[in-house]
1. Evaluate the following for Y125: is it assigned to a strand (DSSP E or B), in contact with a His (Cβ under 8 Å, 6 or more places away or on another chain) and surrounded by 15 or more Cβ atoms within 10 Å (Cβ to Cβ)?
2. Which members of the range 74-89 meet the condition of being of a type outside the set (D, E, K, R) and either open to solvent by 50 Å² or more (accessible area, probe 1.4 Å) or touching a Lys or Arg at 6+ places or on another chain (Cβ under 8 Å) (or both)?
3. Look through the range 128-150, keep the residues that are surrounded by 12 or more Cβ atoms within 10 Å (Cβ to Cβ) and among the charged types (D, E, K, R), and return whichever of them is nearest to M70 (Cα to Cα).
4. Within the range 98-131, how many residues turn out to be within 19 Å of R149 (Cβ to Cβ) and among the charged types (D, E, K, R)?
5. Let me confirm something: among D103, D96, which residue is open to solvent by less than 40 Å² (accessible area, probe 1.4 Å), acidic (D, E), at pLDDT 90 or above and touching a helix residue (DSSP H, G or I) at 6+ places or on another chain (Cβ under 8 Å)?
6. Please verify whether K110 is assigned to a strand (DSSP E or B), touching a residue at least 24 places away in the same chain (Cβ under 8 Å) and open to solvent by 70 Å² or more (accessible area, probe 1.4 Å), treating the condition exactly as stated.
7. Can you tell me which residue among S31, S49, S75 is more than 30 Å from N116 (Cβ to Cβ) and under 14 Å from the mean Cα position of the chain (by Cα)?
Amino acid sequence: MKNIILILLLTITCKSFSQDKQLIGKWKIISVSGKGYYYNSEKDSIFLSNEFKEKFKGDIEILKKVDMLMRTTYSNAFYYFDEKGNHHEISDIRKDDYKYSVDQEKMNIKINDYQNNAFMFEIPYRIENDILYISLEQKLGIANFILKRL
C-alpha cells in the first residue's frame, strides 16, 4: 500500500513539473507592453503614453534612450526552450542561459539559475495557436510579452 501511494505521489509530481511539449522550440518576441508603453518588433513601432512620458518629466534624451533600449533589446530577441530543461534568451545585446521546468497545473514556467539550478522566479504563461503569452516583473512594472513560434 505504501509503495502504491509513493508511486502515485511521484507520478503526480513528475506530471506537474514536467516540460510542456508545446513550449519546446524557438520563439521570437513580437510585442512587449506595460503600463504606458507598447513595442511591436514586427512593425518596429513604439508607443509611449503621456503618463509614461510624465514619469521622465518629458526629458527628450531619456525618452530617446528608452526608445533605443526597447528596440535593441526586443527587435531581434528570441526565447529557446528545449526538452532537457534548458532555456536561453538571446537578443542583439545579451544572451542569458537558465534551467526551466513547467508547473502545468498553475501554468507557470519555473526559471532556475543555469549553474546551480537555484530557483529564481516563475513566469505565468499560456500558448494559443503557436503564440506564447508571458508576463514578467521588470523595473517599470509588469511587462506582457507576446512571442510567436518559429
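The values are calculated or read from the model by the stated rules, or taken from the named source; none is laboratory data. Not measured: the values here are computed from a predicted model. Cβ sites come from the backbone with ideal geometry, for glycine too, and all protein chains shown count toward neighbours. Areas reflect the complete protein model, heavy atoms only, side chains present, ligands, DNA and RNA absent. Shrake-Rupley method; radii C 1.70, N 1.55, O 1.52, S 1.80 Å.
1. On the way: assigned to a strand (DSSP E or B): yes; in contact with a His (Cβ under 8 Å, 6 or more places away or on another chain): no; surrounded by 15 or more Cβ atoms within 10 Å (Cβ to Cβ): yes.
Taking the combined requirement at face value, the residue does not satisfy it.
2. Step one: filter the range 74-89 for residues of a type outside the set (D, E, K, R), giving 74-81, 85-88.
Once the filter is applied, which keeps residues that are of a type outside the set (D, E, K, R) and either open to solvent by 50 Å² or more (accessible area, probe 1.4 Å) or touching a Lys or Arg at 6+ places or on another chain (Cβ under 8 Å) (or both), the range 74-89 yields N76, A77, F78, Y79, Y80, G85, N86, H87, H88.
3. The qualifying residue nearest to M70 (Cα to Cα) is K148.
4. 3
5. Numbers: D96 fails: touching a helix residue (DSSP H, G or I) at 6+ places or on another chain (Cβ under 8 Å).
Within the list D103, D96, the selection yields D103.
6. In short, no.
7. Numbers: S49 fails: under 14 Å from the mean Cα position of the chain (by Cα); S75 fails: under 14 Å from the mean Cα position of the chain (by Cα).
On inspection, the qualifying residue turns out to be S31.
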